[in-house]
Amino acid sequence: MAPPAAIRWFAVVSALMLCHLITTSTAIYCDEDDCYDLLGVTQSANSSEIKKAYYKLSLKHHPDKNPDPESKKLFVKVANAYEILKDEATREQYDYAIAHPEEVFYNTARYYQAYYGHKTDPRAVLVGLLLILSAFQYLNQWTRYNQAVDMVKKTPAYKNRLRALELERSGGTTNKKKSNKQMNKKVEEDLGNELELQIKGAEQPSMWDLLVVRFILLPYTIGKLLLWCVCWFWRYKVKQAPYSWDDASYLTQRSLNAPLDAWRNLDDSRKEDLIHKRLWEKSNLENYLAEMRKESKRRR
């Protein structure tokens, strides 16, 4: 058995720890005071009794009627205690903190959620988050695009296009002395603005691609998608109509798992040949892939 001194020491430490937990759990509400004691009511008091006690104390300690500095401090504490106890939700949380002082983190989280969570409109938070993300998205796209443009402008192909554009604007004549030198920076900038640079993977940013714009247009996008699905089902499943060129192109591109940019850049004759193969049908696709594998082996 443990010696009596050790038992007494353990009891004292346990009592101190319990007091600390109680103080910590309830201090976020009325500091070190008890909200019920500040109003002079018991924990079982109803809302009417709490209201009467508050009005009585507020008349007694209001700064306009009692200039004593200590009375002013007490008035602030009484007002804070009433704000906590007059609301059923916060009073229930306060009572729970008194009954469960060991749940310090849980009680603290419930307190801040009650006092600050409801004051912030979730819609405003969502809009703000979308605006911030969209701003970062737009800046990132512009940074990538400018870096890609700077790299393209250093390539010989770009300089040749600038030279060809300069010759076109000058009517095919150019100064030999000037042609041997580097192009004037201002002229190069003016000519560069006339060239449309199509850079794969770093397209010029568009407002329509921003998250906030897409979110605003989400109902329209969903409605458009549903209408497209209904029209597709009616036209090709019910009426058994032949696929249009655009729809056949979409089916072919999806069957080949080809990126949209790569499919768009494909020449028309090659695209037409693939569409005529009806690759959206499983047997045709399997035959086509088998032919491609044989062709690849033959070239090796």
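The values are calculated or read from the model by the stated rules, or taken from the named source; none is laboratory data. Only a predicted model underlies this, so the values are computations on that prediction, with no experimental measurement involved. Neighbour counts run over all protein chains shown; Cβ positions are idealised from the backbone, glycine included. The area values use the complete protein model at the heavy-atom level, side chains included, leaving out ligands, DNA and RNA. Shrake-Rupley method; radii C 1.70, N 1.55, O 1.52, S 1.80 Å.
Please specify each residue of the stretch 201-214 satisfying the condition of being open to solvent by 100 Å² or more (accessible area, probe 1.4 Å) and either outside any loop (DSSP other than H, G, I, E, B) or farther than 24 Å from Q147 by Cβ (or both).
M207, W208, R214
Can you name the residue in the stretch 91-112 that is touching an Asp or Glu at 6+ places or on another chain (Cβ under 9 Å) and touching a residue at least 40 places away in the same chain (Cβ under 8 Å) and, of all such residues, is least open to solvent (accessible area, probe 1.4 Å)?
A97
Answer yes or no: is there a residue in the stretch 45-67 that is part of a loop (DSSP other than H, G, I, E, B) and either among the hydrophobic types (A, V, I, L, M, F, W, C) or at pLDDT 90 or above (or both).
Within the stretch 45-67, the subset part of a loop (DSSP other than H, G, I, E, B) is 45-46, 62-67.
Checking which are either among the hydrophobic types (A, V, I, L, M, F, W, C) or at pLDDT 90 or above (or both) leaves us with 45-46.
Yes; the residues of the stretch 45-67 include at least one that is part of a loop (DSSP other than H, G, I, E, B) and either among the hydrophobic types (A, V, I, L, M, F, W, C) or at pLDDT 90 or above (or both).
Output the residues belonging to the stretch 129-145 that are surrounded by 12 or more Cβ atoms within 10 Å (Cβ to Cβ) and free of Cβ contacts under 8 Å to residues at least 12 places away in the same chain. Spell out how you get there, then give the answer.
Residues of the stretch 129-145 surrounded by 12 or more Cβ atoms within 10 Å (Cβ to Cβ): 129-135, 137-138, 141-145.
The answer is L129, I132, A135, T143.
Looking only at helices (runs of 4 or more DSSP H) that fall completely inside the stretch 110-196, which ones have 2 or more residues that are over 24 Å from W208 (Cβ atoms) and at pLDDT 70 or above? So that I can check it myself, show each step before the final result.
Values: elements: 122-153, 156-169, 176-179, 185-194.
Passing ranges, in order: 122-153, 156-169.
So which of D87, D121 ends up being under 40 Å from the mean Cα position of the chain (by Cα) and surrounded by 12 or more Cβ atoms within 10 Å (Cβ to Cβ)? It would help to see each step written out before you state the result.
On the way: D121 fails: surrounded by 12 or more Cβ atoms within 10 Å (Cβ to Cβ).
After ruling out the rest, the residue left standing is D87.
For the stretch 273-291, give me each residue that is in a helix (DSSP H, G or I) and either open to solvent by 80 Å² or more (accessible area, probe 1.4 Å) or in contact (Cβ under 8 Å) with a residue 60 or more places away in the chain (or both). Show your work before the answer.
Within the stretch 273-291, the first condition is being in a helix (DSSP H, G or I), and the residues that meet it are 273-276, 282-291.
Those that are in a helix (DSSP H, G or I) and either open to solvent by 80 Å² or more (accessible area, probe 1.4 Å) or in contact (Cβ under 8 Å) with a residue 60 or more places away in the chain (or both): H276, K282, E286, N287, E291.
What are the pairs with Cβ atoms under 9 angstrom where one residue, in the stretch 23-36, is part of a helix (DSSP H, G or I) and the other, located anywhere, is β-branched (V, I, T) and modelled with pLDDT under 65? Sequence gap at least six, or different chains.
C35/T26
Could you tell me which residue of the stretch 253-265 is most open to solvent (accessible area, probe 1.4 Å), considering only residues that are assigned to a loop (DSSP other than H, G, I, E, B) and within 17 Å of M292 (Cα to Cα)? Explain how you work it out, then say what you get.
Taking the stretch 253-265 first, the residues assigned to a loop (DSSP other than H, G, I, E, B) are 256-259, 265.
Then keep just the ones that are within 17 Å of M292 (Cα to Cα); that gives 256-258.
Working: L256: 51, N257: 132, A258: 25 Å².
The qualifying residue most open to solvent (accessible area, probe 1.4 Å) is N257.
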